[in-house]
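Structure first, commentary second.
The values are calculated or read from the model by the stated rules, or taken from the named source; none is laboratory data. Note that this is a predicted model, so its numbers are computed, not measured. Here the Cβ positions follow ideal geometry from the backbone for every residue, glycine too, while neighbour counts run over all protein chains shown. Each accessible area value is taken on the protein alone, full model and side chains, heavy atoms only, with ligands, DNA and RNA left out. Shrake-Rupley method; radii C 1.70, N 1.55, O 1.52, S 1.80 Å.
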Amino acid sequence: DTGVSQNPRHKITKRGQNVTFRCDPISEHNRLYWYRQTLGQGPEFLTYFQNEAQLEKSRLLSDRFSAERPKGSFSTLEIQRTEQGDSAMYLCASSLDRGRVGEEAFFGQGTRLTVV
Amino acid sequence: GNSVTQMEGPVTLSEEAFLTINCTYTATGYPSLFWYVQYPGEGLQLLLKATKADDKGSNKGFEATYRKETTSFHLEKGSVQVSDSAVYFCALSLNAGGTSYGKLTFGQGTILTVHP
């Protein structure tokens, strides 16, 4: 297994366009997370899936953002009508819920979005 | 709400110097605590963790002790190397009923640069 994979690595888009990012988690992991990271800040939680069910969405996630995880495998994050404030690194992470505390999350390298 | 505060950076040290990066947290209940590291050009990866009070996490010569009385999880290393240059993030995840919620709350990150 090569770890968590995110595509594309970089995306430049014009304001108002829609963009979609893909995340392929580690294959046996049942939990998948999306985070957003801006320069000089730590990652901020956006949303979380347990298998195919989206269990939590941050208040940061406006109606322009939507995420899916069909069949509990890969996930997509779509941003509609992008704004300059959406420019950030979008991180995906996955983990295996073993029913224990201290669960380790494995992160992808991220997709850097620039809205011009 | 839950939050993590890290010491302001960046931190610049000479090789073999002693490192401390302070981290304090605010959380409801009893969280698990983590240090993640991001090396240049790579994704976030777990450095160490602790899941209950007075636990010490350690890895690659780094240590951090879960101090419930001071709500702290300071990262230390006795002798840093140039290869330790990276961004370090303190994080927490909440637990309930012996299992992890999984979602991470991060500090803002501390940039460490080690000179030969």
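Looking across segment B:75-97, just one residue is within 14 Å of another protein chain (Cβ to nearest Cβ), over 14 Å from B:W35 (Cα atoms) and either at pLDDT 90 or above or open to solvent by 50 Å² or more (accessible area, probe 1.4 Å) (or both), and that is B:G97. Being open to solvent by 50 Å² or more (accessible area, probe 1.4 Å), within 17 Å of B:Y36 (Cβ to Cβ) and either more than 9 Å from every other protein chain (Cβ to nearest Cβ) or in contact (Cβ under 8 Å) with a residue 12 or more places away in the chain (or both) is a property that B:Q108 has. Condition test on B:L46, is it modelled with pLDDT of 95 or more, under 27 Å from A:T2 (Cα atoms) and within 11 Å of the chain's Cα centre (by Cα)? It is true that B:L46 is modelled with pLDDT of 95 or more, under 27 Å from A:T2 (Cα atoms) and within 11 Å of the chain's Cα centre (by Cα).
Residue-level check: of (1) surrounded by 20 or more Cβ atoms within 10 Å (Cβ to Cβ); (2) touching a residue at least 60 places away in the same chain (Cβ under 8 Å); (3) more than 11 Å from every other protein chain (Cβ to nearest Cβ), B:E15 misses just (1). Here A:R100 fulfils each of the conditions (1) more than 14 Å from chain B (Cβ to nearest Cβ); (2) at pLDDT below 95; (3) open to solvent by 60 Å² or more (accessible area, probe 1.4 Å) apart from (1).
Yes/no per residue for (1) more than 14 Å from every other protein chain (Cβ to nearest Cβ); (2) in contact (Cβ under 8 Å) with a residue 40 or more places away in the chain; (3) under 22 Å from B:S100 (Cα atoms):
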site: A:L32; (1), (2), (3): no, yes, yes
site: A:Q37; (1), (2), (3): no, yes, no
site: A:F45; (1), (2), (3): no, no, yes
site: A:F49; (1), (2), (3): no, no, yes
site: A:Q54; (1), (2), (3): no, no, yes
site: A:S62; (1), (2), (3): yes, no, no
site: A:F65; (1), (2), (3): yes, no, no
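Only strands (runs of 3 or more DSSP E) wholly contained in segment A:1-92 count here; list those with 1 or more residues that are open to solvent by less than 20 Å² (accessible area, probe 1.4 Å).
Because the criterion is at least 1 residues that are open to solvent by less than 20 Å² (accessible area, probe 1.4 Å), the strands (runs of 3 or more DSSP E) in segment A:1-92 that meet it are A:5-7, A:10-13, A:19-24, A:31-37, A:44-50, A:65-68, A:75-79.
How about segment A:34-84: which of its residues are of a type in the set (D, E, K, R) and touching a strand residue (DSSP E or B) at 6+ places or on another chain (Cβ under 7 Å)? Give the derivation first.
Taking segment A:34-84 and keeping what is of a type in the set (D, E, K, R), we get A:36, A:44, A:52, A:56-57, A:59, A:63-64, A:68-69, A:71, A:78, A:81, A:83.
A:R36, A:E44, A:E56, A:K57, A:R64, A:E68, A:R69, A:E78, A:E83, listed by residue number.
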